[in-house]
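The values are calculated or read from the model by the stated rules, or taken from the named source; none is laboratory data. These numbers come from a predicted model, not from an experiment. A quick note on method: Cβ atoms are made from the backbone with ideal geometry, for glycine too, and the neighbour counts reach across all protein chains shown. Accessible surface areas use protein heavy atoms only, side chains included; no ligands, DNA or RNA. Shrake-Rupley method; radii C 1.70, N 1.55, O 1.52, S 1.80 Å.
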Amino acid sequence: MKIAVTSASGKLGASIVEHLIDEIGKEQVIGIARTPEKAQYLGVEIRQGDYNNRQDFDAALKGVDAVLLVSGMDEPQKRIVQHRHVIEAAKANGVKKIVYTSIIGAEENNAFSPIVQTNRQTEKDIRDSGLEWVIGRNGIYIEPDLDYIDTYVKEGEIRNCAANGKCTYTSRQELGYAYTKMLLGDKHNGNTYNLVGNAITQKELANTINQVFGTSLVYNSVSVESYLAERKAALGDFMGTVIAGIYEGIKNGANDVPSDFEKAAGRKHKSTLEMIKNYHMNHLKI
């Protein structure tokens, strides 16, 4: 059974490839990447695949039984067509199953909603494709917060507009494990899973980071408007708006959803403490 993973050069795609290798071996896994040389280190066959180019995927999906479609990172209005290039090429090549990495979030009322809406459209396109399918809705990754820890320490705080809202954090490692099980198990076909961990507040996140890293961070909540202005100034209009929208969604409860992780993965999701400890262990300087 040949399984292809798109965006294999990205962190989530790479995690899925690595977990698949552990389950079925390198010979059965194909990575697809817009820039193939960036994924060569994975040690599997890498094929060219740019979401903007349908022809790439007509070639990349030849001889493939199942494809894992990692949601694209482009602007919302472009993503639906980009994802359709993969879905259509999968149908044309006789691919039997497609698994999609969608996302948790409010479909309206915040600045992140346009991205959620495009993911929901791709979910519909996949359900209507005639292929076997499984959809995962990813929670917020824990890693970006931990990658940002030097800045948090410098500033002495975690600051955003989530207030007391709860977020069901996950990690790319947890998702890599779950998607591998979803790709390989027919019992998952036709299901949509919330791939999330335990719901915690930003204050609880700060306290758990302090416990593992020995830091003394505090959490400070600011208004949605001021956080949006701050993030746009730091990251530009598009990414700043997306990030502010994510935290606004957390504030409003959009990320406090029940978890289907155990159904998808066959085991419980790791706790926030375990995920942060694993990250810390993996990033300690030798």
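Here the stretch 234-267 is the region considered, the condition is being open to solvent by less than 40 Å² (accessible area, probe 1.4 Å) and of a type in the set (Phe, Trp, Tyr), and the residue that is farthest from ARG137 (Cα to Cα) is TYR247.
Examine the stretch 126-141 for a residue that is assigned to a helix (DSSP H, G or I), touching a residue at least 60 places away in the same chain (Cβ under 8 Å) and surrounded by fewer than 21 Cβ atoms within 10 Å (Cβ to Cβ), and state whether such a residue exists.
The initial filter retains those residues of the stretch 126-141 that are assigned to a helix (DSSP H, G or I), namely 126-127.
If we keep only those that are touching a residue at least 60 places away in the same chain (Cβ under 8 Å) too, we end up with none.
No: the stretch 126-141 contains no residue that is assigned to a helix (DSSP H, G or I), touching a residue at least 60 places away in the same chain (Cβ under 8 Å) and surrounded by fewer than 21 Cβ atoms within 10 Å (Cβ to Cβ).
Candidates in the stretch 186-196 are the residues that are open to solvent by 10 Å² or more (accessible area, probe 1.4 Å) and in contact (Cβ under 8 Å) with a residue 60 or more places away in the chain; of these, the one that is farthest from ARG137 (Cα to Cα) is ASN189.
Among the residues of the stretch 27-61, write down those that are in a helix (DSSP H, G or I) and touching a Gly at 6+ places or on another chain (Cβ under 6 Å). The answer is ALA39, LEU42, ASP56, PHE57, ALA60.
The set of residues in the stretch 204-215 being in contact (Cβ under 8 Å) with a residue 24 or more places away in the chain and of a type outside the set (A, V, I, L, M, F, W, C) consists of GLU204, THR208, GLN211, THR215. Quick check: is even one residue across the stretch 215-233 within 17 Å of TYR152 (Cβ to Cβ), in a helix (DSSP H, G or I), at pLDDT 95 or above and open to solvent by 40 Å² or more (accessible area, probe 1.4 Å)? Yes, some residue in the stretch 215-233 is within 17 Å of TYR152 (Cβ to Cβ), in a helix (DSSP H, G or I), at pLDDT 95 or above and open to solvent by 40 Å² or more (accessible area, probe 1.4 Å).
Remark: pairs (first residue in the stretch 52-78, more than 21 Å from LEU131 (Cβ to Cβ); second residue surrounded by fewer than 23 Cβ atoms within 10 Å (Cβ to Cβ) and of a type in the set (Phe, Trp, Tyr); Cβ separation under 7 Å; 6+ apart in sequence or on different chains) = GLU75/PHE238. In the stretch 23-49, the residues that are of a type in the set (Asp, Glu) reach residues that are surrounded by fewer than 22 Cβ atoms within 10 Å (Cβ to Cβ) with C-beta atoms within less than 7 angstrom, at least six apart or across chains, in these pairs: GLU23/LEU184.
Taking first residues from the stretch 1-20 that are touching a residue at least 40 places away in the same chain (Cβ under 8 Å) and within 15 Å of ILE98 (Cβ to Cβ) and partners that are among the acidic types (Asp, Glu) and surrounded by fewer than 24 Cβ atoms within 10 Å (Cβ to Cβ), the Cβ contacts under 9 Å between residues at least 6 apart in sequence or on separate chains come to MET1/ASP65; LYS2/GLU27; LYS2/ASP65; ILE3/ASP65; ALA4/ASP65.
Across the stretch 88-117, the number of residues qualifying as open to solvent by less than 20 Å² (accessible area, probe 1.4 Å), in contact with a helix residue (DSSP H, G or I) (Cβ under 7 Å, 6 or more places away or on another chain) and modelled with pLDDT of 95 or more comes to 6. Give the residue, chosen from ASN255, ASN220, that is touching a residue at least 40 places away in the same chain (Cβ under 8 Å) and closer than 25 Å to SER113 by Cβ. Checking each option against the conditions leaves just ASN255.
Cβ-Cβ distances below 6 Å connect the following pairs, each with a first residue in the stretch 236-248 that is touching a residue at least 60 places away in the same chain (Cβ under 8 Å) and under 13 Å from ALA163 (Cβ atoms), a second residue that is of a type in the set (Gly, Ala, Ser) and open to solvent by less than 30 Å² (accessible area, probe 1.4 Å), and a separation of six or more residues or different chains: TYR247/ALA162. Just to be sure before I move on: is GLU204 surrounded by fewer than 19 Cβ atoms within 10 Å (Cβ to Cβ), on the phi < 0 side of the Ramachandran plot and touching a Ser or Thr at 6+ places or on another chain (Cβ under 9 Å) in the structure I sent? Taking the combined requirement at face value, the residue satisfies it.
Among the residues making up the stretch 153-174, those that are under 23 Å from the mean Cα position of the chain (by Cα) and either among the acidic types (Asp, Glu) or part of a helix (DSSP H, G or I) (or both) are ARG172, GLN173, GLU174. Counting the residues of the stretch 72-97 that are closer than 23 Å to ILE24 by Cβ and not in a strand (DSSP E or B) gives 7.
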